[in-house]
Amino acid sequence: MEVTKKVRRLLLENDLNATQLAEKIGTSQSNLSQKMKNESYSVQDLIKIAEATESTLDITFTLKDGTKI
């Protein structure tokens, strides 16, 4: 699933809109919208989004054989 789809799901699950999330993570709504449009999140952005939505962030690499690192 694309990151933006996951962020939108977090918004729905937390009854938030993009403006409210942007405020919680310390950015403007236009900046967050641009990140969502371009799928251009930094790891720090994702950490802030997780904290703002009281969720956890898990990042894994998956090898060709399915092994997760």
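Can you pull out the residues in region 9-19 that are surrounded by 15 or more Cβ atoms within 10 Å (Cβ to Cβ) and not in a loop (DSSP other than H, G, I, E, B)?
Within region 9-19, L10, L11, A18 meet the criteria.
Please enumerate the residues belonging to region 22-69 that are β-branched (V, I, T) and exposed (fewer than 11 other Cβ atoms within 10 Å of the Cβ).
Residues of region 22-69 that are β-branched (V, I, T), as a first pass: 25, 27, 43, 47, 49, 53, 56, 59-60, 62, 67, 69.
Passing the criteria: V43, T56, I59, T60, T62, T67, I69.
Would you mind stating whether K5 is under 9 Å from the mean Cα position of the chain (by Cα) and open to solvent by 80 Å² or more (accessible area, probe 1.4 Å)? Lay out the reasoning, then the answer.
Numbers: under 9 Å from the mean Cα position of the chain (by Cα): yes; open to solvent by 80 Å² or more (accessible area, probe 1.4 Å): yes.
The answer is yes for K5.
May I ask you to list the residues in region 22-49 that are closer than 13 Å to T4 by Cα and part of a helix (DSSP H, G or I)? Can you show your working first?
First pass over region 22-49, keeping only residues closer than 13 Å to T4 by Cα: 32-42, 45-46, 49.
Matches in region 22-49: L32, S33, Q34, K35, M36, K37, N38, D45, L46, I49.
The values are calculated or read from the model by the stated rules, or taken from the named source; none is laboratory data. All figures in this text were calculated on a predicted structure; none of them were measured in a lab. Using ideal geometry, Cβ is built from the backbone for each residue, glycine included, and neighbour counts are taken over all protein chains shown. Note: accessible area is taken over every heavy atom of the protein model, side chains too, but ligands, DNA and RNA are not part of it. Shrake-Rupley method; radii C 1.70, N 1.55, O 1.52, S 1.80 Å.
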